[in-house]
1. Between G23, T11, H65, whose Cα lies farthest towards the positive end of the dipole of the range 8-71 when Lys and Arg beta carbons carry +1 and Asp and Glu beta carbons carry -1, centred on the Cα centre?
2. Sum up the charges of everything whose Cβ sits under 12 Å from the Cβ of R204, counting Lys and Arg as +1 and Asp and Glu as -1, but leave R204 out.
3. What FRET efficiency comes out for D10 versus R173 if R0 is 30 angstrom and r is the Cβ-Cβ distance? Round to the nearest 0.05.
4. If a/c stays under 1.5 just call it rounded; otherwise compare a/b with b/c (prolate if a/b is bigger, oblate if not). Do that for the range 9-82, with a ≥ b ≥ c from the square roots of the Cα gyration tensor eigenvalues.
5. With each pseudo-label sitting 7 Å past Cα toward Cβ, what's the L75-T21 distance in nm, one decimal?
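Since every read-out is calculated from the coordinates, none of them should be taken as a lab result. Keep in mind it's a predicted model, so treat the numbers as computed, not measured. All Cβ positions, glycine included, derive from the backbone under ideal geometry; neighbour counts span all protein chains shown.
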Amino acid sequence: MTTTMPTLRDTIAEDLRTQITTGHLKPGSRLPSEPKLATHYKVSTPTVRQALALLQAEGLIEKTHGKGNFVRPPLRRITYRGGAGIPFAPDLQTTIRTTTVRARGHIRTLLKVPSNTAVTEFRCTTYEGETPRSVARIYTPRDLAPSVQLGSSPWPTRAEPISTEIRETVTARLPTPEEATTLRISSTLAVLAIASVATTTTGRVVEAALLVLPGDRADAVFTTHPTTEERKRKG
């Protein structure tokens, strides 16, 4: 049996991780500079940076340009309710920008419309205080956009639901540069990417939503309700 020895990067990350989880390094406190850490651990600065990148990916620290690395205060996890299209947590606020775009590439495929068809795009960012918690882009055919309500919910909703099926695909991946910047997360932190497509009985797609949540502070919950036929078979 082969035993893998921890690297210097892993050893440094584990020591700092322990200091954070035990409270020796408190939330909001600034870590020593990278050169000072390199001197303390008797390693090169690139090795220290690799160790810090691990902690950033775990969400334990955050790097502020020009200021250094700080222990990140713990954030409440938020829950995405499958089928509801709403990332839920108390006190979330949402900014929504509406514009008209041309359906191309992935969006055209999701909406099942001809290329360059004009569609309405809702760009939504939810915040807890000043901290971004999720980003989403919602696309709907232009003739259906007037029925969308922008109320107190952190998500655009319809006055009368017209979809009969919602298909959702959940993927774990790294964020795009734009997503990392908007969510203020490390480009090495995995995100939950949820693609939701709502369709009518006639097969028309009435809405396609692309939601992204930081993977270290979000859960996706899906509840299945057996159909009448399934309940009869089990009975």
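1. The Cα lying farthest towards the positive end belongs to H65.
2. On the way: positive: K112; negative: D143, E165, E207.
So the environment of R204 carries a net charge of -2.
3. On the way: r = 24 Å, r/R0 = 0.80.
Efficiency, from the Cβ-Cβ distance: 0.80.
4. Working: a/c = 1.94, a/b = 1.89, b/c = 1.03.
Prolate, since a/c reaches 1.5 and a/b exceeds b/c.
5. Computed distance between label sites L75 and T21 equals 2.1 nm.
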